[in-house]
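Here is the structure we will look at, set down as structure tokens.
The values are calculated or read from the model by the stated rules, or taken from the named source; none is laboratory data. Bear in mind that the values here come from a model prediction, so they are computed numbers and not experimental data. Cβ: placed from backbone, ideal geometry, glycine included. Neighbour counts: every protein chain shown. For accessibility, only protein heavy atoms count, side chains too; no ligands or nucleic acids. Shrake-Rupley method; radii C 1.70, N 1.55, O 1.52, S 1.80 Å.
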Amino acid sequence: MFSKILIANRGEIACRVIKTAKKMGIATVAVYSEADRDARHVALADEGVLLGPAPSRESYLVADKIVAACKATGAQALHPGYGFLSENEAFARRLEEEGIAFIGPKHYSIAAMGDKIASKRLAIDAKVNTIPGWNEAIETPERAVEIAQGIGYPVMIKASAGGGGKGLRVAFNDQEAFDGFSTCRNEARASFGDDRVFIEKYVEEPRHIEIQILGDAHGNIVYLNERECSIQRRHQKVIEEAPSPFISDATRKAMGEQAVALARAVKYQSAGTVEFVVGKDQSFYFLEMNTRLQVEHPVTECITGLDLVEQMIRVAAGEKLAFGQADVKRNGWAIECRINAEDPLRGFLPSTGRLVRYLPPPQTMESAAPVPEGGGVRVDTGVYEGGEIPMYYDSMIAKLIVHGFDRNDAIARMREALNGFVIRGVASNIPFQAALLVHPKFVSGDFNTGFIAEHYAGGFRAQDVPHDDPDFLIALTAAAYRRYRDRAATISGQLAGHGVRIGSDFVVVVKGEGGEHRHVPVHIAAAGTAITVTVGERPYTIAMEWTFSSVRATGACNGQPFTAQLERQGLWYRVAHDGRRIDAMVMRARASELLRVMPFKAPPDLSKFLLSPMPGLLVDIAVKPGQAVRAGERLAVIEAMKMENILTAAQDGTVGELLAAKGESLAVDQPILSFA
């Protein structure tokens, strides 16, 4: 067994590998960029080596610097995590030549599976079901359109070396095929250094289900059940679960056996994932193989009881698998939510900055530790309160994982865990995750990869989230207000006859768009530590643990436990529960009447400007002053968190003045150009 390993990665996956290494008594070396000097993975490791400047192409992607770090620290092996160099065949071969063990598959397996065109040919030879398409590299966008027409729309345009949703576009017509080809090539060249692109048929209403496999150097290969990864946005997974609520035992076995056959064809060693697209009739087709540890590996760990990082290390050290296919367990149900730094209320645009508050829900499970018999909650993260979310890397803040007895139990645990996950300073997708978990189609298991595009086509608004009892949020607002009034009544030095009078009848004013507020009369009464708020005819007796400086509120309402988020912002209270969020004020009936006749102050009209919707790098301005543009025409391109974001004209017009320059780092809402 190795005595020291280097982790050639950052963030939560680096922290995750370090935990298993510590459990196994293996010393760890972290590498980091200048942007990650104070990162959590650096603090957790036994040693740290600075690689270079913040951009990954000057730090985490520079193989020479990483090999030098291994030699300087005496690391005998290297774990690549996921992303960066984890599926780089030349890097794996280089390590082998340098006498450094690669904790992953052999370079020839990466080469065979990392090239999407070659892997499809191999899959066909191994008698694995494949999707029809054009398997040769395509040179021009015009040729891409011809091929797409031949296959029949919709088609999927994919980078041969792609992964993680980068270098992938779905085209439904000639224009989308033309533009998608160019964008895929650019993203692939920037992310992977390989701009080959191919096209295949896009299976409509598909599910994305993947099989986890594990092989050793002695010819043993097993599959560790499946993961359901169909809840995706822009081809990025949002929620993953294991097992799938859709496939039958027969389909699971057939998919598993085909995954193993493909792994055998490339002499696969280590953990890997074979991804399939599955039709509604349970027909399945090979999509691609990821020759690395997946982001969503914790859900497999939960239902099998295996530590996949430990298995990878043991295989890399030459050990045999200690179990066979018949020994693989499938206990309970696990769900993972990816908590990302993005704002669902602004079209899921990236959000960078300082984590002013970071308070994850209480954890009852740990990575690299046995799974508790009764299930629990686990948080895998690489951040801490006060730390920065930089613009140079992906947007992940944490992975929230729950394990329950069955699917309904796991959903209930995840909803409660999301309610208690406090993040401030950057926006997060927690409200959206909570909304997905209460959607009836998700709860019933009736969904496919188009679920988010179909049900949230017009974007996401917190006030549109269905809630079992929306008046509970109003009652919680009133209870918080009463707590403030109780405190005010105890302030010393009040003049006799002019002290704070608490009162019992109020109006909760819920903020609406365009000044269309909702006015809800309530009656508030306190008895001991409990506060009873009557909304309409229904009483809500609330006893909660919540202080004025905290955000997370826990307690019971009418005897039922709850977790919610509650904070005062000036005169307004912000309350969030189960994905629904309201901003509300509490006032006397007379004040409520006066508020109704107050004129609404409309925000300034900024339609004459193109504003940056996110912090990022302005990589291109496609127009000039005086140029006439039509609605939908490309205006500028912003790069943030490794993704290109194209800004287009909302309507016909003429470009006025350019207010930002190509190569400039933009803040959110910074003007890029004006319209005449």
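For N129 and S248, calculate 0.36 nm times their separation in residues minus their Cα-Cα distance, and state this gained length in nm to one decimal.
Additional length available on full extension: 41.1 nm.
Which residue, I646, G52, V379, has the largest displacement toward the positive end of the dipole of the chain when charges sit on each Cβ (Lys, Arg +1; Asp, Glu -1)?
Comparing the listed Cα positions along the dipole, V379 ranks first.
Does anything in the range 398-441 have its amide N under 17 Å from the 7 Å Cα→Cβ label point of E366, and if so which residues?
401
For the charge dipole of the chain, defined by +1 on Lys and Arg C-beta atoms and -1 on Asp and Glu C-beta atoms about the Cα centroid, which residue among N220, T529, S428 has the Cα displaced farthest towards the positive pole?
Of the listed residues, the answer is T529.
Please give the contour-minus-distance gain from A322 to M598: 0.36 nm per residue of separation, less the Cα-Cα distance, rounded to one decimal in nm.
Difference between extended and current length: 92.1 nm.
For the chain, with only Lys/Arg (+1) and Asp/Glu (-1) charged at the beta-carbon, what is the dipole magnitude about the Cα centre, in debye rounded to 20?
The calculation lands at about 1320 debye.
Which of rounded, prolate, oblate describes the chain, given a ≥ b ≥ c as roots of the alpha-carbon gyration tensor eigenvalues and a/c under 1.5 marking rounded, otherwise prolate only if a/b is larger than b/c?
Taking the square roots of the gyration eigenvalues as a ≥ b ≥ c, the chain is prolate.
What distance in nm lies between label points placed 7 Å from Cα along the C-beta direction at R461 and D669?
Result: 1.9 nm between the two label points.
Only Lys, Arg, Asp and Glu count, each charged at its Cβ (+1, +1, -1, -1), so figure out the dipole size of the range 37-166 about its Cα centre, rounded to 20 debye.
240 debye
Suppose each label sits 7 Å from its Cα in the direction of the beta carbon; what would the E97-A412 distance come out to in nanometres?
According to this spin-label approximation, the distance is 5.8 nm.
Take K201, K158, K320, K511 and sort them by solvent-accessible surface of the protein heavy atoms, 1.4 Å probe, largest at the top.
K320, K511, K201, K158
Go through L122, I110, C15 and say which Cα lies farthest out towards the positive end of the charge dipole of the range 1-134; charges sit on Cβ, +1 for Lys and Arg, -1 for Asp and Glu.
L122
Starting from the 7 Å offset along Cα-to-Cβ, what nm value, one decimal, do you get for the label separation of R518 and L617?
Reported label-point gap for R518 and L617 is 4.5 nm.
Given axes a ≥ b ≥ c from the Cα gyration tensor, I'd like to know whether the range 475-527 is rounded (a/c under 1.5), prolate (a/b larger than b/c) or oblate.
Prolate is the answer for the range 475-527, as a/c is 1.5 or above and a/b outweighs b/c.
Let me cross-check E593: its accessible surface, 1.4 Å probe, with only protein heavy atoms counted, in Å² to the nearest 10?
Solvent-accessible area, nearest 10 Å²: 100 Å².
With +1 assigned to the C-beta of every Lys and Arg and -1 to the C-beta of every Asp and Glu, and no other charges, what is the dipole magnitude of the range 396-495 about the Cα centre in debye, to the nearest 20?
With only Lys, Arg, Asp and Glu charged at Cβ, the dipole is about 500 debye.
By how many nm would the segment from A527 to S549 lengthen if fully extended, with 0.36 nm per residue of separation less the alpha-carbon distance?
Extending this stretch completely gives an extra 5.6 nm.
I'd like the accessible area for D64: 1.4 Å probe, protein heavy atoms, all chains in place, Å² to the nearest 10.
So the heavy atoms of D64 present about 100 Å² to solvent.
Taking the convex hull of the Cα atoms, report for the range 476-620 its projected area averaged over all directions, in nm².
Seen from a random direction, the Cα hull of the range 476-620 projects 13.4 nm² on average.
Show me the trypsin sites (Lys or Arg not before Pro) within the range 589-676 that DSSP assigns to loop and that have at most 13 other Cβ atoms within 10 Å of their Cβ.
K601, K608, R630, K662
So which GluC sites (Glu not before Pro) in the range 180-220 are both in a DSSP loop and have at most 13 other Cβ atoms within 10 Å of their Cβ?
Filter output for the range 180-220: E204.
Please list W546, W333 in order of solvent-accessible area, largest first, computed with a 1.4 Å probe with all protein chains present.
W333, W546
As I understand it, the value is the acute angle between the Cα axis of helix 11-23 and the longest principal axis of the Cα atoms of the chain; what does it come to in degrees, rounded to 10?
70 degrees
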